[in-house]
Amino acid sequence: MSETMTPPAAPPQAPPAGAARPGRNWLKIVATAVLVVVLLLLPVLVGNSGVAYLKLAQYILIGVVGGIGLTLLVGQAGQLSLAHPFFLLVGAVGYAVLSGDPEESDDLVGLGLPPLVGVIGAVALCGLIGLAFAPVAGRLRGIYLGVASLSLVFLGLWLGQSLDMFSGGTSSGRNAPVFELFGFEFANSQPAPTIAGVAIQKQQRLWYLFLAFALGSYFLARGAVNSRIGRSWRAVRDNEAAATAMGVHVTRVKAGAFVISSAFAGLAGVMTALWLDLVKPDENEFTGTYSLTVAIAFLAIVIIGGLGSVPGAVIGAVLVFGLQQFFLLGSQQFGWFADAQFGGFSAVVVSAFVYGGAIVLVVLFEPGGMAAIGRRLLGRRRSPDVPATADGDRTTPREDR
Amino acid sequence: MSTFLQLLVNGLGKGAVYALLALGFVIIYKATEVVNFAHGSLVLIGGYLVYELKDALGWTLAAVVGITAAAVAALVIERVLLRNARSADHNSLALLTIGIDVIITEEVVRRVGADIPFIGDPYDSQPLQIAGLTVFRTQAIALVVGAVLITAFLLAFRYSNWGVAMRAQAENREAAALMGINSSRVTATAWLVAGALAGVAVLFMATQDFSGAGLGRGTHAIALIAFPAAILGGLDSTAGAVVGGLVVGLTEALSAQYISFEFSKSAVFLVMLVVLVVRPSGLFGTKELSRV
């Protein structure tokens with residue numbers, strides 16, 4: 001445990017292959033630079049005809065933001081939660097209510113606030129509901145908390161179905177308010193600005209918006225993990241009694257983790273509303289945008305990425321959300337799974353197989369997930385932001401049960 | 001008043017099925033400390049085989065095959081996957097079962113396809129009249145079968161050598177092993193029994209009387225409602241599983257009638273939340289002690 005609590009400010013101690021170190025650093029910088037350029041130029045690279053790919057990439061970023069939130073809660077603070085779809089729904093509906101056009105319909109509540117206020121309000125609302133759930137979360141542990149949080153998904157389903165004036169109802173839903181920043185609308189316009197001959201229309205603009213959200217989330221989460229907050233999360237995760245003895249206020253830390261994770265999920269919910277261009281609650285609990293399937297998909301992101309690792313959550317999102325959209329895209333554009341009518345190997349079935357299988361393989365062979373594999377490739381032994389379980393050498397600190 | 005009595009009977013009938021499922025969770029948890037998220041898929045495996053075989057073999061034989069298959073599937077999951085994940089802790093193993101569940105459920109749902117068959121042929125949709133009450137036959141039979149199986153299990157758990165071994169292992173794994181209890185065999189039988197109970201439960205679940213929905217994702221979702229039943233009673237208490245199952249069944253039946261059908265699933269979870277806030281380890285669960 002002391003190792004996971006090492007102040008992260010200290011430089012990585014004793015790299016196993018010291019000679020290779022400087023070269024790797026350069027490699028890392030170059031790779032990061034290339035990645036940033038590719039992400040920034042993605043709308044240009046796929047062109048105006050490749051909007052479908054851009055949508056796919058946008059969806060991955062939703063997974064990134066939500067996945068980062070969940071990995072902080074599950075991996076860092078050790079609180080199992082399946083409530084993510086609920087907060088996604090609250091975020092999406094909250095944004096639609098706060099920034100929705102009051103004139104849109106008599107049956108719908110819309111406050112007509114500026115969209116930026118709507119986003120911030122929706123995220124704050126999710127944080128507050130997370131805080132309201134904290135008394136429950138603070139008392140429960142492990143699986144008990146996991147199943148307790150599942151109740152929020154069912155509650156969300158019911159509320160979404162019954163509160164039509166907020167959610168728009170299950171049949172038609174309601175429009176997602178167009179995002180707007182200082183008079184710049186994230187919608188199609190004539191004439192559209194161009195970069196290298198590619199018109200920057202709604203989807204391209206949303207891509208940059210989502211990229212900003214995802215990068216902001218990434219750096220906020222890294223910052224939290226590497227600071228006092230992250231250390232208190234890990235202390236609570238590893239041993240509550242020991243954390244208390246060291247002066248950590250366990251209940252407050254647990255509540256804080258829940259609030260932050262819910263806020264991230266709320267942002268992912270706002271992004272979902274913008275991505276679908278529609279807010280529409282699910283019709284049942286097992287399939288849909290805010291369903292149990294999504295709860296499991298987010299958990300899959302976190303597990304596959306490596307519990308507690310922020311970069312791992314990004315890779316997990318690429319694998320889980322990316323593959324799912326990739327298969328869907330394939331079935332729409334290239335006629336994959338064309339013979340798979342109802343009951344065949346559809347895109348959804350195949351992607352579920354892939355990520356279900358990936359969970360099994362990760363737990364069996366590499367409990368540290370992609371993050372551990374990445375660390376091995378980069379030749380680092382252990383980074384402070386990942387549970388020691390990642391290396392499979394933590395004895396469960398539960399002997400005092 | 002008669003509506004209320006009717007609801008009580010319906011609730012208990014459903015509760016008996018939830019109790020069978022919850023008991024499965026608890027048996028596995030007691031023997032291995034793993035929460036089996038794949039329980040819903042065991043249910044589907046059993047149900048799927050009954051659906052496929054009942055025309056060829058007749059319903060009874062198909063049911064026997066289905067129950068056996070669910071039991072064997074549980075055993076295979078334990079032997080092939082969980083035993084080999086030695087480096088993982090109990091929470092990771094629970095996550096592993098989620099992965100298994102996703103795969104099996106998708107595959108069964110895909111195979112069943114658009115049919116969504118009802119599989120409770122011998123008793124489906126033939127209500128009984130007992131003392132002025134209309135009782136769904138499925139639920140009456142479920143109540144009887146549930147009572148018999150649960151009593152048999154609890155007696156075996158208390159008095160048989162198997163039960164003693166199992167309780168010893170649940171108490172302290174190392175000490176039990178030192179006293180000559182074959183831990184591997186206890187674990188295997190726990191999974192077998194839990195799988196068989198799931199196989200029995202599905203015979204009642206995919207019927208017109210129970211859920212009004214056939215074998216499909218809905219069945220899997222019903223199995224998920226047995227989760228609150230197990231948690232509510234206390235994950236490591238067999239009696240708690242039975243009580244939890246009945247509480248969940250009654251909650252569902254009463255709230256569906258008096259509040260709304262849509263709310264009934266949420267009501268189950270809300271009742272569980274209230275219980276958990278008061279007693280964080282469930283009604284009969286062992287309190288987790290930590291010494292500072």
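The values are calculated or read from the model by the stated rules, or taken from the named source; none is laboratory data. Keep in mind the model is a prediction, meaning the values are calculated, not measured. Neighbour counts are summed over all protein chains in view; Cβ atoms, including those assigned to glycine, are modelled from backbone coordinates with ideal geometry. The area values use the complete protein model at the heavy-atom level, side chains included, leaving out ligands, DNA and RNA. Shrake-Rupley method; radii C 1.70, N 1.55, O 1.52, S 1.80 Å.
Every residue, every condition in (1) away from chain A (no Cβ under 14 Å); (2) over 17 Å from B:Leu75 (Cβ atoms); (3) in contact with a strand residue (DSSP E or B) (Cβ under 9 Å, 6 or more places away or on another chain); (4) not small (Gly, Ala, Ser), yes or no:
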residue: B:Phe4; (1), (2), (3), (4): yes, yes, no, yes
residue: B:Gly13; (1), (2), (3), (4): yes, yes, yes, no
residue: B:Tyr29; (1), (2), (3), (4): no, no, no, yes
residue: B:Glu33; (1), (2), (3), (4): no, yes, no, yes
residue: B:Ser41; (1), (2), (3), (4): no, no, no, no
residue: B:Leu44; (1), (2), (3), (4): no, no, no, yes
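Per the listing B:Ala226, B:Ala253, the residue uniquely in a helix (DSSP H, G or I) and under 20 Å from B:Phe153 (Cα atoms) is B:Ala226.
Can you confirm whether B:Ala213 is within 14 Å of chain A (Cβ to nearest Cβ) and small (Gly, Ala, Ser)? Taking the combined requirement at face value, the residue satisfies it.
Conditions (1) aromatic (Phe, Trp, Tyr); (2) open to solvent by less than 10 Å² (accessible area, probe 1.4 Å); (3) under 13 Å from the mean Cα position of the chain (by Cα), marked per residue:
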site: A:Ile60; (1), (2), (3): no, no, yes
site: A:Ile68; (1), (2), (3): no, yes, yes
site: A:Gly78; (1), (2), (3): no, no, no
site: A:Val117; (1), (2), (3): no, no, no
site: A:Ile120; (1), (2), (3): no, no, no
site: A:Leu128; (1), (2), (3): no, no, no
site: A:Leu131; (1), (2), (3): no, no, no
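If you go through the stretch A:255-314 and keep only what is within 14 Å of another protein chain (Cβ to nearest Cβ), in a helix (DSSP H, G or I) and over 21 Å from A:Met370 (Cα atoms), you end up with A:Leu292, A:Thr293. Of all residues in the stretch B:169-215, those satisfying the criterion of being of a type outside the set (A, V, I, L, M), in contact with a helix residue (DSSP H, G or I) (Cβ under 7 Å, 6 or more places away or on another chain) and part of a helix (DSSP H, G or I) are B:Gln169, B:Arg173, B:Ser183, B:Thr187, B:Thr189, B:Trp191, B:Gly195, B:Gly199, B:Phe204. The residues listed here are A:Ile120, A:Ile143; of these, the one that is out of contact with any Phe, Trp or Tyr (no Cβ under 8 Å at 6 or more places or on another chain) and farther than 30 Å from B:Val278 by Cα is A:Ile120.
Against the condition open to solvent by less than 40 Å² (accessible area, probe 1.4 Å), away from chain A (no Cβ under 14 Å) and part of a helix (DSSP H, G or I), how does B:Ala62 come out, does it pass? Working first, answer last.
Values: open to solvent by less than 40 Å² (accessible area, probe 1.4 Å): yes; away from chain A (no Cβ under 14 Å): yes; part of a helix (DSSP H, G or I): yes.
Yes; evaluated as a whole, the condition is true for this residue.
Among the conditions (1) open to solvent by 20 Å² or more (accessible area, probe 1.4 Å); (2) modelled with pLDDT under 80, A:Gly169 misses just one, which is (1).
For the subset of the stretch B:79-94 comprising residues that are part of a helix (DSSP H, G or I), free of Cβ contacts under 8 Å to residues at least 40 places away in the same chain and within 7 Å of chain A (Cβ to nearest Cβ), which member is surrounded by the fewest Cβ atoms within 10 Å (Cβ to Cβ)?
Filtering the stretch B:79-94 for residues part of a helix (DSSP H, G or I) gives B:79-82, B:90-94.
Okay, now just the ones that are also free of Cβ contacts under 8 Å to residues at least 40 places away in the same chain, so B:80-81, B:91-92.
With within 7 Å of chain A (Cβ to nearest Cβ) added as a condition, the list becomes B:81, B:91-92.
Details: B:Leu81: 18, B:Asn91: 20, B:Ser92: 20.
Ranking the candidates gives B:Leu81 first.
In the condition set (1) open to solvent by 10 Å² or more (accessible area, probe 1.4 Å); (2) assigned to a loop (DSSP other than H, G, I, E, B), A:Leu329 is compliant with all but (2). Consider A:Leu54 against the criteria (1) part of a loop (DSSP other than H, G, I, E, B); (2) at pLDDT 80 or above; (3) surrounded by fewer than 24 Cβ atoms within 10 Å (Cβ to Cβ): it satisfies all of them except one. Which criterion is unmet? All conditions are met except number (1).
Given A:Gly169, A:Gly94, which one is within 29 Å of A:Gln203 (Cα to Cα), within 14 Å of chain B (Cβ to nearest Cβ) and not hydroxyl-bearing (Ser, Thr, Tyr)? Talk me through it step by step, then tell me what you get.
Details: A:Gly94 fails: within 14 Å of chain B (Cβ to nearest Cβ).
Of the residues listed, the single one that is within 29 Å of A:Gln203 (Cα to Cα), within 14 Å of chain B (Cβ to nearest Cβ) and not hydroxyl-bearing (Ser, Thr, Tyr) is A:Gly169.
Name the residues in the stretch A:241-271 that are more than 19 Å from A:Leu73 (Cβ to Cβ) and hydroxyl-bearing (Ser, Thr, Tyr), would you? Scanning the stretch A:241-271 gives a single hit, A:Thr244.
For the structure I just gave you, tell me whether B:Ala177 is over 22 Å from B:Ala152 (Cα atoms), hydrophobic (A, V, I, L, M, F, W, C), touching a Lys or Arg at 6+ places or on another chain (Cβ under 7 Å) and more than 14 Å from chain A (Cβ to nearest Cβ). Steps first, answer last, please.
On the way: over 22 Å from B:Ala152 (Cα atoms): yes; hydrophobic (A, V, I, L, M, F, W, C): yes; touching a Lys or Arg at 6+ places or on another chain (Cβ under 7 Å): no; more than 14 Å from chain A (Cβ to nearest Cβ): yes.
Spelling it out, it is not the case that B:Ala177 is over 22 Å from B:Ala152 (Cα atoms), hydrophobic (A, V, I, L, M, F, W, C), touching a Lys or Arg at 6+ places or on another chain (Cβ under 7 Å) and more than 14 Å from chain A (Cβ to nearest Cβ).
Scanning the stretch A:217-232 for residues that are without any contact (Cβ under 8 Å) to a residue 12 or more places away in the chain and either open to solvent by 70 Å² or more (accessible area, probe 1.4 Å) or more than 21 Å from the chain's Cα centre (by Cα) (or both) turns up A:Phe219, A:Leu220, A:Arg228.
Within 14 Å of chain A (Cβ to nearest Cβ), surrounded by fewer than 21 Cβ atoms within 10 Å (Cβ to Cβ) and not polar (S, T, N, Q): does that describe B:Phe269? No: the conditions fail for B:Phe269. Please specify each residue of the stretch A:233-249 satisfying the condition of being without any contact (Cβ under 8 Å) to a residue 24 or more places away in the chain, assigned to a helix (DSSP H, G or I) and either among the aromatic types (Phe, Trp, Tyr) or open to solvent by 20 Å² or more (accessible area, probe 1.4 Å) (or both). Within the stretch A:233-249, A:Glu240, A:Thr244, A:Ala245 qualify.
Pull up the stretch A:260-285, narrow it to residues that are surrounded by fewer than 19 Cβ atoms within 10 Å (Cβ to Cβ) and either acidic (Asp, Glu) or within 22 Å of A:Ala134 (Cβ to Cβ) (or both), then point me to the one that is nearest to the chain's Cα centre (by Cα).
Just the residues of the stretch A:260-285 that are surrounded by fewer than 19 Cβ atoms within 10 Å (Cβ to Cβ), to begin with: A:276-278, A:283-284.
From the residues that got through so far, the ones that are either acidic (Asp, Glu) or within 22 Å of A:Ala134 (Cβ to Cβ) (or both) too are A:277, A:283.
Numbers: A:Asp277: 19, A:Glu283: 23 Å.
Applying the filter and picking the extreme gives A:Asp277.
Figure legend. Inter-residue proximity from the stretch A:174-194: first residues loosely packed, with under 14 Cβ neighbours inside 10 Å, second residues part of a loop (DSSP other than H, G, I, E, B) and aromatic (Phe, Trp, Tyr), beta-carbon distance below 9 Å, spacing 6+ or different chains. Indicated pairs: A:Glu185/A:Phe179; A:Ala187/A:Phe179.
Only one entry in B:Val72, B:Val76, B:Val17 is assigned to a helix (DSSP H, G or I), open to solvent by less than 10 Å² (accessible area, probe 1.4 Å) and not aromatic (Phe, Trp, Tyr), namely B:Val17. Cβ-Cβ contacts under 7 Å between residues 6 or more apart (or on different chains), taken from a first residue in the stretch A:285-302 that is among the polar types (S, T, N, Q) to a second residue that is not in a helix (DSSP H, G or I), are listed as A:Thr289/A:Asp282; A:Ser291/A:Asp282; A:Ser291/A:Glu285; A:Thr293/A:Phe286; A:Thr293/A:Thr287. Residues in the stretch B:98-153 that are within 20 Å of the chain's Cα centre (by Cα), open to solvent by less than 50 Å² (accessible area, probe 1.4 Å), over 17 Å from B:Met205 (Cβ atoms) and more than 8 Å from chain A (Cβ to nearest Cβ): B:Phe153 alone.
What's the number of the condition B:Val35 fails, among (1) assigned to a helix (DSSP H, G or I); (2) in contact (Cβ under 8 Å) with a residue 60 or more places away in the chain; (3) surrounded by 24 or more Cβ atoms within 10 Å (Cβ to Cβ)? So B:Val35 meets the others, but not (1). For the stretch B:191-201, the condition holds for at least one residue, the condition being that it is within 19 Å of B:Asn10 (Cα to Cα) and either within 13 Å of the chain's Cα centre (by Cα) or open to solvent by less than 10 Å² (accessible area, probe 1.4 Å) (or both).
For the stretch B:209-226, check the following and say yes or no: at least one residue is more than 30 Å from B:Asp115 (Cβ to Cβ) and open to solvent by less than 30 Å² (accessible area, probe 1.4 Å). Step through it out loud before you land on a result.
Within the stretch B:209-226, the first condition is being more than 30 Å from B:Asp115 (Cβ to Cβ), and the residues that meet it are none.
Within the stretch B:209-226 (the criterion being more than 30 Å from B:Asp115 (Cβ to Cβ) and open to solvent by less than 30 Å² (accessible area, probe 1.4 Å)), the answer is no, since none of the residues qualifies.
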